[in-house]
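The values are calculated or read from the model by the stated rules, or taken from the named source; none is laboratory data. Keep in mind it's a predicted model, so treat the numbers as computed, not measured. Backbone-built Cβ (ideal geometry, glycine too); neighbour counts: all protein chains shown.
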Amino acid sequence: MGIYQYLRKEIDELGILNMNEHQLRAFTAYCNHPSYTNYTADFKNTLDYIWYSESPNVTLSSILDMPDHEEIMQEAPEGTGLPSDIYGSDHLKIEAVFKISKDKVTAGPPKKDDILNDSGPID
């Protein structure tokens, strides 16, 4: 079980999302979580997330493309890990852009087609 699944399970079981009759719905900016954001010689998993909660004034507008596994393997073959000459850290960069508005009202997390990455809508 990944950290995201663990946290969601624990939060749901503890009732934190509905504490004192207030609901906090947390979303991660990357709808399809990368298979890993940290890659070393002996560890490969997702450690990095960009969390946000629903707000009438905040909309997720874009995320940074993650490199393909094949791209990373060209720089850091299986068993060697990162950092490398191209990737300066053992963590891969993640980034999200949010629009903040005084007037916009949103209802729930954005639809996958509404979020853009560097090359257009997320697949």
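Among residues of segment 28-51 that are under 20 Å from E70 (Cα atoms) and touching a residue at least 40 places away in the same chain (Cβ under 8 Å), those with a beta-carbon under 6 Å from a residue that is surrounded by 14 or more Cβ atoms within 10 Å (Cβ to Cβ) and among the charged types (D, E, K, R) at least six positions away or on a different chain give the pairs Y36/K44; T37/D48; N38/D90; T40/D90.
Any idea how many residues of segment 68-101 are among the hydroxyl-bearing types (S, T, Y) and closer than 17 Å to T46 by Cα? Step through it out loud before you land on a result.
Filtering segment 68-101 down to residues among the hydroxyl-bearing types (S, T, Y) leaves 80, 84, 87, 89, 101.
Okay, now just the ones that are also closer than 17 Å to T46 by Cα, so 87, 89.
Residues that pass the stated criteria total 2.
In segment 31-51, the qualifying residues are those that are over 18 Å from S89 (Cα atoms) and out of contact with any strand residue (DSSP E or B) (no Cβ under 6 Å at 6 or more places or on another chain), and the one that is modelled with the lowest pLDDT is H33.
Pairs under 9 Å by beta carbon, first residue at positive phi in segment 65-83, partner surrounded by fewer than 16 Cβ atoms within 10 Å (Cβ to Cβ) and of a type in the set (A, V, I, L, M), six or more apart or different chains? Qualifying pairs under 9 Å: G79/A41; G81/A41. Residues in segment 58-85 that are of a type in the set (A, V, I, L, M), part of a loop (DSSP other than H, G, I, E, B) and modelled with pLDDT under 90: A76 alone.
When residues of segment 82-92 are filtered for being touching an Asp or Glu at 6+ places or on another chain (Cβ under 9 Å) and among the charged types (D, E, K, R), how many remain?
Residues that pass the stated criteria total 1.
When you scan segment 11-27, do you find a residue that is of a type in the set (A, V, I, L, M, F, W, C), in a loop (DSSP other than H, G, I, E, B) and modelled with pLDDT of 85 or more, even just one? Show your work before the answer.
Restricting attention to segment 11-27, the residues satisfying the condition of being of a type in the set (A, V, I, L, M, F, W, C) are 11, 14, 16-17, 19, 24, 26-27.
Still in the running and in a loop (DSSP other than H, G, I, E, B): 24.
Within this subset, residues satisfying the condition of being modelled with pLDDT of 85 or more are none.
Checked segment 11-27: no residue is of a type in the set (A, V, I, L, M, F, W, C), in a loop (DSSP other than H, G, I, E, B) and modelled with pLDDT of 85 or more.
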